[in-house]
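Input: a single structure, listed below in structure tokens.
What follows draws every value from the coordinates through simple rules; no lab data is involved. Everything numeric here is computed off the predicted structure, so don't read it as measured data. Glycine gets a Cβ as well: all are built from the backbone with ideal geometry, and neighbour counts include every protein chain shown.
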Amino acid sequence: MAAGTPILVPIIVTIAVLLFTETTPVSSILRRRVSAVKLNHDHMELVEEETCSNQTLRMSCRSLKAILIVLEAEYKPNDSNLCEVEARGSEDIATIRRFQMIRNLYGDYDSRPDRVDLKLSINRRCSGLQHCRFNAYSDHSEALFWSPANLRLKYACIPEAAIMKYCNRMLPVIGGEGGFLKSPGYPLFYTGGSTCGWTFKSLPGQRIALTFHDLDIRSPEQDGSCVDVIRIRENRVTLFESCGTAVGVQVLSESNVVTLDLIASGKIYPSRGFLLQYKAVGCPQVQPPNGSYAVNETGDAKTFLCKLGTVFPDTNKRTRLIQCKNGIWSEDRQMISSQRCSRNAGNMVQIFLESITNLILTASEIERNAGTRRSSALSSLAEEPGTGSNAGVFPVNGVVVRSHDSMHSMSSTADPGNAAMMKDGNYVVDFIVPTALIALLFIFNAIIVWVIFQYRKRKQPAIEGEEMALRPKSEELPHV
């Protein structure tokens, strides 16, 4: 008994200070913002509140068929602009002395964190209900020694019809805010006795994010093993496995299919279970339109480029940019895939110039290859005796020795096939290229004449039902 007395002394002193020291009255300011967020088949109400921590939070859903989901909750001890302290002389001094005594008993009071997460405490009391009240000083044990400061809360009211609650279902995951899933019996209990599972599937190219806004199942045993467990798997690989209580846990898949299983031993266990949100990450795959290909592809945007000389018919441009937001492309992907790049009359000049350039480059390449073959043939004839396959044809002393091997080598050098290959470059340069250039010039001139004719035809005024009488200038009108 004597050993525990030193420990009880500071606690008794602190309680006495809190009870008999008059505190400074504190008023507060409430900031509240309500907005509507569109779900896949419904709408949810999103509420953000910020007030002083000494006030009681009153969370309520306007619809009787909606439940509360706590998204964010934090206490900010270094920010107290929403708490208005009314100065009363000696009462302020008493309050300062009270906090000084607490600081001396429990250490430096100013060495507190910038933010304190209250989501777990609020979930324990309010998650899954339609209406709820929360007071930090009575519902959070550590708040007893807090000074008045700002408290920020963000929660959503989700229609019960938008929350899946049945086991062994396939849940399609589409873009936007996704959907919500809760275990059967949430938030009063969760059922067991058999495996309760779900399969999430999104479109190819998308990933799946599962966020546990509330997780509360049977705690692990003393050796750390779990009797009841929740498990997430992807392609037979376990991504997440846990038991006990957690909040804000997020699991991100690598593919577009994941499974979730709740394995419980008993039939009913008095814990809340879980409540999670699932949504697609990224946008699905989009096939490039016919006649185009993808360039500058990122996770948030994709650019399609038509082949040279073609454009998209609806925009008359060669490039098309689509952007991804909340798992949805800025344009319908079926419509994009059905597009087809087509030629534009305004690009005929560019096509003509590019064709001429390609012909000139091709002719130059052929001429260079033919010159290389001629040089190699001449160098093979001029090799020194004893080296190469033509040894003995041109000896050093100037006497030509026409052996059988040398004659065979010369005959192979002057083979008609090799001569034809040497003349191939000259044939292309002397005949094919000029003919192609002349044909392209005729086509180009025809296009210009057609454009001029169409332009004049549009400018010519339409004269219908009128007769024009032409008179020579030399004729004069008769005098009356």
Exercise. Before anything else, pin down the relative contact order of the stretch 292-343: Cα pairs under 8 Å, at least 6 apart, normalised by residue count, whole percent.
Key: 34
Quiz item: Residues in the stretch 33-77 near a label at residue 188, defined as backbone nitrogen under 17 Å from the 7 Å Cα→Cβ point?
Solution: 65-68
Quiz item: Quick one: if you stick a label point 7 Å off each Cα along the C-beta vector at residue 448 and residue 131, how many nm between them?
Solution: 8.6
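Pairs to check: 119/325; 65/325; 38/267; 279/302. Give those whose C-alpha atoms are more than 26 Å from each other in this structure.
119/325; 65/325; 38/267, as the Cα separations exceed 26 Å there.
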Quiz item: If you find the alpha carbon centre of the stretch 26-74 and of the stretch 155-199, how far apart are they in angstrom?
Solution: 21
Self-check item: Table column - 3J(HN,Hα) (Hz), the stretch 175-189, Karplus curve with 6.51, -1.76, 1.60, x for Gly and Pro
Solution: x, x, 7, x, x, 10, 9, 10, 6, x, x, 4, x, 8, 6
Exercise. Collect residues whose amide H, placed 1.01 Å from N in the peptide plane, falls under 5 Å from the amide H of residue 190; neighbours closer than 5 in sequence don't count.
Key: 269, 271
Quiz item: How would you order 206-219, 440-453 from highest to lowest mean count of nearby Cβ atoms within 10 Å?
Solution: 206-219, 440-453
Self-check item: Two-site FRET efficiency, residue 456 against residue 316, from Cβ-Cβ distance with R₀ of 35 Å, rounded to 0.05
Solution: 0.90
Quiz item: Which whole-Hz couplings ³J(HN,Hα) result when phi for each residue of the stretch 302-307 is put into the Karplus expression 6.51 cos²θ - 1.76 cosθ + 1.60, θ = phi - 60°, listed in order with x for Gly and Pro?
Solution: 8, 10, 9, 10, 6, 5
Practice problem: Once you have the Cα-Cα distance between residue 58 and residue 222, take 0.36 nm times their residue separation minus that, and quote the gain in nm to one decimal. | Solution: 55.3 nm
Quiz item: Once amide H atoms are placed 1.01 Å from N in the peptide plane, what residues at a sequence separation of 5 or more from residue 214, or on another chain, have their amide H within under 5 Å of its amide H?
Solution: 248, 275
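Given R₀ = 22 Å, what would the calculated FRET efficiency be for residue 42 paired with residue 240, taking r from the Cβ atoms and rounding to 0.05?
0.20
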Exercise. Could you tell me whether the stretch 106-228 comes out rounded, prolate or oblate from its Cα gyration tensor? Rule is a ≥ b ≥ c as square roots of the eigenvalues, rounded for a/c under 1.5, then prolate if a/b exceeds b/c, otherwise oblate.
Key: prolate
Practice problem: Taking 7 Å along the Cα-to-C-beta vector as the label spot, tell me the residue 71-residue 201 distance in nanometres, rounded to one decimal. | Solution: 3.0
Quiz item: Sorted by mean Cβ packing within 10 Å, highest first, what order do the peptides 266-273, 308-315 take?
Solution: 266-273, 308-315
Exercise. Enumerate the calculated ³J(HN,Hα) couplings along the stretch 50-66 in order (Karplus 6.51 cos²θ - 1.76 cosθ + 1.60, θ = phi - 60°), each rounded to whole Hz, writing x wherever the residue is Gly or Pro.
Key: 8, 8, 7, 5, 7, 9, 8, 7, 10, 9, 8, 9, 5, 8, 6, 10, 10
Self-check item: Overall form of the stretch 292-343 per C-alpha gyration tensor (a/c, 1.5; a/b vs b/c)
Solution: prolate
